[in-house]
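See structure below.
The values are calculated or read from the model by the stated rules, or taken from the named source; none is laboratory data. No experiment lies behind these values; they were computed from the predicted model shown. Quick reminder, even Gly has a Cβ in these numbers, built from the backbone with ideal geometry, and neighbours come from all protein chains shown.
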Amino acid sequence: MSLPKRYLITSALPYANGLKHVGHLAGAYIPADIYARYLRAQKRDVVFVCGSDEHGTAIPIQATKEGTTPRAIIDKYHAAMKQDFEDLSMSFDIYHRTSEPIHHETAQEFFTYLNDRGELEIKETEQYFDEEANSFLADRYIKGTCPNCGSDRAFGDQCETCGRTLSPDELINPVSTLSGKAPIKKKTSHWYLPLGKHEAFLREWILEQHKDDWRPTVIGQCKSWIEGGLQSRAVTRDLDWGIKVPVAGADGKMLYVWFDAPIGYVSATKQWAIDNNKDWKPYWYDKDTKLVHFIGKDNIVFHCIIFPIMLKLHGNILPENVPANEFLNLEGDKMSTSRNWKLDMRDYINDFVKKENGGGQCVDMLRYYLTQIAPETKDSEFMWKGFQDAVNSELVSKFGNFVNRTWVLMHKLCGGKVPRLHEELLDENDRTLFTDIKDAKTKIENLLEEYKFREALFEVIELSRKGNQYMQKKEPWIVAKKLAENPESQKSIDNTLHICLQLTANLAILANPFLPNTARKMLHLMKVVEKMLDWDNAGKINLLSVGYTLREPQLLFRQIDDEEIKTQIEKLKSGLLKMEEPKKEEVKPEVPAKAVIQFDDFAKIELKTGTILTAEKVEKADKLLKLSVDLGNEVRTIVSGIALHYQPEEIVGRQVTVVTNLAPRKMRGIESNGMIVMAEDKAGKLHFISPAQPIDPGSTVS
RNA sequence: CGCGAAGUAGAGCAGCGGUAGCUCGUUGGGCUCAUAACCCAAAGGUCGGGAGUUCGAUCCUCCCCUUCGCAACCA
């Protein structure tokens, strides 16, 4: 197998609308960084690119939310993310951004190239348009009544109440959430990328050529996507934030963000080449380049299907592999920005990294744990206790402790210098360790080439464990006690420590891709230069010269104590609580109040008080409770969607307000005669509207 | 209900047709250079349940149960 001439590594472009959390870090950034560092240590030609993704509708939305401009948003988050990545030792060769002119030009050239060659098709469709806001409406911006269940809170893409997938056309009485007015239909035409034309290519390329070397989850997703039928995909949109469609008369049309974002890898490479006086073209055109995309599982379709089609049409090389990771959960629950259940990179940096002098060891602790639990084959779990255990018992007690005891003994028994190796005295244990070192190198190499970072890191720790075992067998501290009677045994001590020192040098090289700060700290201890970390040096047992004076012992890592873990867990939980409190900025309702009605309209509604007599869960429905309600002169059956908020037994006897003249409606096969009036708080919790004092059932409310 | 994912020792995970494994944790003993490690020993699993295919199933098939996710953001 001949090696590629050069490597191009990409990490998913983070979206510039907020801070990123450790899930992102574990999914797309740390693995890529390990891989890039490993290749660099091998002296391969490698470029590692990333950057902020700064287009798309979510940017203006975030700007509105923060009361500022899109430009301010992307500047703010681009700077923040760039800083966070730096603080966590990500070694991008360039961290670019898609708002740069060079990216706009690159993306437009891409579009023009495809369009000129007839690879895009134009379709005219009718879309909802908000005249007052003067803009076309994305599905999500349209609200209306669901044709399926009758809920008036359905969105243009899906109904929240019954879960059915909708298209905006199906909505009854659609309303724009921008202005609150009814939108009109307006014709618009857009460019589409016909994916279906490339089905044969995809089948051959993914399902045949890569069926064995891509991860099963990646292949699986591609397969279901291909077999589900490849639809044409709109390349452009009616928007005012993005990259202009480079066609005369296409005013107000922008490239769809999914189209321009991956091209960001190309423009980042171009910018890197300019900055470093290199030629970018071979990285994207030469077949001898190995392109690897590191992403999370939500991005598989773009990087395995859509972008490769674009690349192929544009004459570029295709990715060699797309080692997508699954998701990382946090303390038993899915990470979520909106629920504030997450650990932002920034929070870890502030709480751990910045508090330390230099902070390198805390960066490596996080890198260690995230690699050790990387969701390579399925979703995995970030537990603070797990973080503590991993750091304390593996990094500190195995790896750190081995280096430390080596250093302490070397100073005590060998005068702080690298002792001589007496080859004639080498025994079985020594030779086994030499083999172990060489084997570890090979194993780690192979695992890294297969993108199995978790296992590769395990092998590094495993080697330090072997070191501990070796030292235990040789017991130089015991030998030292008998030196007086047997001066010759200094040679045995020398051998042991010499080998332990060489092993430490090897550990530095092997750990370097994973724990770059630790590797450098070890260089400092050994008083050697960066060059020693060249991967070729791994497996060698003559890295440190005899007689060389080494530095005083210094701990590589500190332990994580229980208090820190407790603090973090409490912080996480209190963040969740804070979300449940009402927010000030939400005083202004997102959707304008309903239209003014006359008293007569109100009078049409009959409201009465009622008392809940019985309540039971409706079978096969998560949210529904079947209630019988005493309305004074009658008892009615009412089905109410409150099961997620109240247990049946706790509401029996409650006085509630009931709409009594609502048309009967069947829900899950049970006829509901009326509706319980509920108030919904900011957290989405429903509350009964009850009389302040107990009152006769059936009393009129007005 | 529907769609998707998952259920293997106390925890986190591998394995995936042929005597159940790793890391951490727990218990007892030994050792001491070290932020202690290492060694020895032990406890702990009817591999979610049931049926089927097979000479043989944790692994394949079917049924069931349970858990998680299924507005948006998002690796």
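With respect to (1) at positive phi; (2) at pLDDT below 90, the lone exception for A:Trp241 is condition (1). You will find that of A:Glu449, A:Glu428, A:Glu356, the residue that is among the charged types (D, E, K, R), surrounded by fewer than 15 Cβ atoms within 10 Å (Cβ to Cβ) and either outside the structural domain of A:Lys491 (by TED's automatic domain parsing) or under 20 Å from A:Ala28 (Cα atoms) (or both) is A:Glu449 and no other. The helices (runs of 4 or more DSSP H) found wholly in segment A:17-115 and carrying at least 1 residues that are within 18 Å of A:Ile295 (Cα to Cα), at pLDDT 95 or above and not assigned by TED's automatic domain parsing to the domain that holds A:Lys443 occupy A:30-41, A:70-87. The residues of segment A:317-367 that are closer than 25 Å to A:Gln62 by Cα, within 11 Å of RNA strand B (Cβ to nearest atom) and either in a loop (DSSP other than H, G, I, E, B) or of a type in the set (Val, Ile, Thr) (or both), listed by number, are A:Phe327, A:Met335, A:Thr337, A:Ser338, A:Arg339, A:Asn340, A:Lys342, A:Leu343.
Within the group A:Leu448, A:Leu409, which residue is within 13 Å of RNA strand B (Cβ to nearest atom), under 26 Å from A:Met365 (Cα atoms) and assigned to a helix (DSSP H, G or I)? Exactly one of A:Leu448, A:Leu409 is within 13 Å of RNA strand B (Cβ to nearest atom), under 26 Å from A:Met365 (Cα atoms) and assigned to a helix (DSSP H, G or I), namely A:Leu409. Applying the set (1) over 39 Å from the mean Cα position of the chain (by Cα); (2) not in a helix (DSSP H, G or I) to A:Val528 leaves exactly one unmet item: (1).
The residue list A:Tyr95, A:Tyr38, A:Tyr77 contains one member that is within 26 Å of A:Ala538 (Cβ to Cβ) and in contact (Cβ under 8 Å) with a residue 12 or more places away in the chain, which is A:Tyr38. Every residue in segment A:499-519 that is within 15 Å of RNA strand B (Cβ to nearest atom) and in a helix (DSSP H, G or I), please. The answer is A:Ile499, A:Cys500, A:Leu501, A:Leu503, A:Thr504, A:Leu507, A:Ala508, A:Ala511, A:Asn517, A:Thr518, A:Ala519.
Filtering segment A:5-38 down to residues that are aliphatic (A, V, I, L, M) and out of contact with any strand residue (DSSP E or B) (no Cβ under 6 Å at 6 or more places or on another chain), which residue is farthest from RNA strand B (Cβ to nearest atom)?
Filtering first and then ranking leaves A:Ile34.
With respect to the conditions (1) buried (at least 24 other Cβ atoms within 10 Å of the Cβ); (2) touching a Leu at 6+ places or on another chain (Cβ under 8 Å), A:Thr57 lacks only one, and its number is (1). Filtering segment A:163-197 to residues that are at pLDDT 80 or above, in a helix (DSSP H, G or I) and surrounded by 18 or more Cβ atoms within 10 Å (Cβ to Cβ) leaves only A:Leu195.
Assigned to a loop (DSSP other than H, G, I, E, B) and more than 7 Å from RNA strand B (Cβ to nearest atom), is that true of A:Ala390? Taking the combined requirement at face value, the residue does not satisfy it.
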